[in-house]
Amino acid sequence: MRVPGGVLALLAAVCILCTACGCLGTSSPPPGGGITSIDLPEPEGYTLTEALAELDVLSVEGGLNLTGTSMRQVLGNRVTLDGRAAAWAIGFEDGEEGRWLTSGVTGWRETSLRAPLPDGEVNMTEILSPEALLAAQEEAIRPVMVRLDASTVDVMLAEGVYTITIRSNAGVEVLTFRADNGEAIV
């Protein structure tokens, strides 16, 4: 089988380019082994207040239609004590049907989750924001994070209650607070 000259020329050009860029060049392995760890910073995340403002803009621009829906549950994943989460998920009820919207580094999108939604509506104007709750209850939350060697928490808001889950390889602990005033629930 004969390979056309153009293909060989293209292959040679790619090899030369890769060698010039250092992709195929010879190099000695780093001291201590052949794999170099690259620690990239995680995205800073954003608060639920910021995420909801972005969702409002998206709704006004026609990106998502939330007319006639009611917020039923909020989930925050890997939330820092300043209220910034790696991702937020919000469960909306649209008549008889539940809809989930998730937000992360790629923005808001509708997600198919088979999780049932609570009956009670979440009205963000009548409760503390997650960032306000975490700031108000930092003295209760931080010692648990230190004891479990955790840098973030998971947040769930439903039925007027914030559930803060602190997890690590050392264990899991759950704290609950009233959403309206931040008071601990024992």
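Quick note: the coordinates plus some simple rules give every number you see, no bench work behind them. What you see is a predicted model; the values in this text were computed from it and never measured. Heads up, the Cβs are rebuilt from the backbone with ideal geometry, glycines too, and the neighbour counts pull from every protein chain shown.
Details
- Computed over neighbours whose Cβ is under 13 Å from that of THR49, the net charge equals -4, Lys and Arg +1, Asp and Glu -1.
- Interchain or long-range residues, amide H under 5 Å from TRP100's placed H: PHE92, THR111, LEU113
- Per-peptide average of other Cβ atoms within 10 Å, ordering 49-57, 178-186 highest first: 49-57, 178-186
- Order of THR111, THR80, THR152 - criterion: other Cβ atoms within 10 Å of each residue's Cβ, fewest first: THR111, THR80, THR152
- The listed peptides 66-78, 137-149, ordered by packing as a protection proxy, come out as 66-78, 137-149 (highest mean of other Cβ atoms within 10 Å first).
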